[in-house]
Amino acid sequence: MAVQISPSILAADFARLADEAAAVPNADWLHVDVMDYHFVPNLTLGLPVVEALRKATDTPLDCHLMIADPDRWAPQYAEAGAGSVTIHAEAAKAPIRTLREIRSLGARAGLALNPATPVEPYEDLLGEVDMLLLMTVEPGFGGQKFLDVVLPKVRRARELIGRHGGRVWLQVDGGVDTGTIERCAEAGADVFVAGSAVYGASDPVAAIDELRAAANRATS
Ligand code: DX5
Ligand code: ZN
């Protein structure tokens, strides 16, 4: 399991996104939180920003769609050049069709679960996904407190993934910092989203290095 860090630009300066992308050259991905004011009570950015960001950075974009109608919109994020497109299980009406469409357009397909959504009902979908995202805060805002209550689900998800060949990445998102990342890594997560912990730091590059080292320590 290789540790990957995906800084969330939700905590970056939206007026300087190209510079903010360039400020994290050691990031594996750039996490892009798309919020529509319907699925979550917040509004952020959409396709035009993703298209512009794609041209402004070589770091692959990890698009997390917190939107009400992902079946309609997700394929367009793959077409816009996102390396990974994650839809919420709670919002998708035809998740299998949408996940397959994302993959057919050349992106990795992700399925996200809110803190209170159980993972077991989605076991049969593991073959359709490249990444499972377990929210460790209620989606909608950066800077929230990490929900320890999700950790047993991270463990169970890692077991399920192991039973299905271990190919699926397991991402955690929300409240991940140097104080919580080790617990996530121990529980089996391998892709870590961090907004405030990276962009709120005075040295984002060092913050990513510290997060990566802590996650590696926890699993070695
Ligand atoms: C929350 C978003 C997260 C958020 C994480 O709904 O999905 O990606 O940016 O921010 P922090 O790391 O500050 O909790
Ligand atoms: Zn996110």
>> Please determine whether any residue of segment 9-18 is surrounded by 22 or more Cβ atoms within 10 Å (Cβ to Cβ), within 16 Å of the chain's Cα centre (by Cα), part of a strand (DSSP E or B) and of a type in the set (A, V, I, L, M).
In response: no
> Does any residue in segment 33-62 that is free of Cβ contacts under 8 Å to residues at least 12 places away in the same chain come within less than 8 Å, Cβ to Cβ, of a residue that is part of a strand (DSSP E or B) and not hydrophobic (A, V, I, L, M, F, W, C) six or more places away or on a different chain, and which pairs are these?
Replying inline: LEU43/ASP36
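Every residue, every condition in (1) near ligand 1 (Cβ under 10 Å from one of its atoms); (2) modelled with pLDDT of 95 or more; (3) over 24 Å from ASP130 (Cβ atoms), yes or no:
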| residue | (1), (2), (3) |
| --- | --- |
| LYS145 | yes, yes, yes |
| ARG163 | no, yes, no |
| GLY174 | yes, yes, no |
| THR178 | no, yes, yes |
| ILE181 | no, yes, no |
| SER202 | no, yes, yes |
>> Only one of ALA201, ALA207 is in a loop (DSSP other than H, G, I, E, B), within 17 Å of LEU30 (Cβ to Cβ) and more than 16 Å from the chain's Cα centre (by Cα). Can you tell me which?
In response: ALA201
>> I need the full set of residues from segment 98-124 which are more than 16 Å from ligand 1 (Cβ to nearest atom), within 15 Å of ARG156 (Cα to Cα) and not hydroxyl-bearing (Ser, Thr, Tyr), in order please.
In response: PRO118, VAL119, GLU120, PRO121, GLU123, ASP124
> Within the group GLY175, GLY162, GLY127, GLY143, which residue is part of a loop (DSSP other than H, G, I, E, B), surrounded by fewer than 19 Cβ atoms within 10 Å (Cβ to Cβ) and small (Gly, Ala, Ser)?
Replying inline: GLY143
> Looking at (1) away from ligand 2 (no atom under 16 Å from the Cβ); (2) out of contact with any Ser or Thr (no Cβ under 7 Å at 6 or more places or on another chain), can you tell me which one THR136 breaks?
Replying inline: (1)
> Of all residues in segment 71-98 being hydroxyl-bearing (Ser, Thr, Tyr) and in contact with a helix residue (DSSP H, G or I) (Cβ under 7 Å, 6 or more places away or on another chain), which is farthest from GLU123 (Cα to Cα)?
Replying inline: TYR77
> Do you know which residues across segment 162-182 are in contact with an Asp or Glu (Cβ under 7 Å, 6 or more places away or on another chain) and farther than 14 Å from GLN4 by Cα?
Replying inline: THR178
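The rows are residues; the columns are (1) within 16 Å of ligand 2 (Cβ to nearest atom); (2) within 18 Å of HIS64 (Cβ to Cβ); (3) of a type in the set (D, E, K, R).
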{"position": "ILE87", "(1), (2), (3)": "yes, yes, no"}
{"position": "LEU105", "(1), (2), (3)": "no, yes, no"}
{"position": "VAL149", "(1), (2), (3)": "no, no, no"}
{"position": "GLU159", "(1), (2), (3)": "no, no, yes"}
{"position": "ARG167", "(1), (2), (3)": "no, no, yes"}
> Could you say which residue among ALA185, ALA207 is crowded, with 23+ Cβ neighbours inside 10 Å, without any contact (Cβ under 8 Å) to a residue 60 or more places away in the chain and away from ligand 2 (no atom under 16 Å from the Cβ)?
Replying inline: ALA207
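The values are calculated or read from the model by the stated rules, or taken from the named source; none is laboratory data. Only a predicted model underlies this, so the values are computations on that prediction, with no experimental measurement involved. Cβ atoms come from the backbone with ideal geometry, glycine included; neighbour counts cover every protein chain shown.
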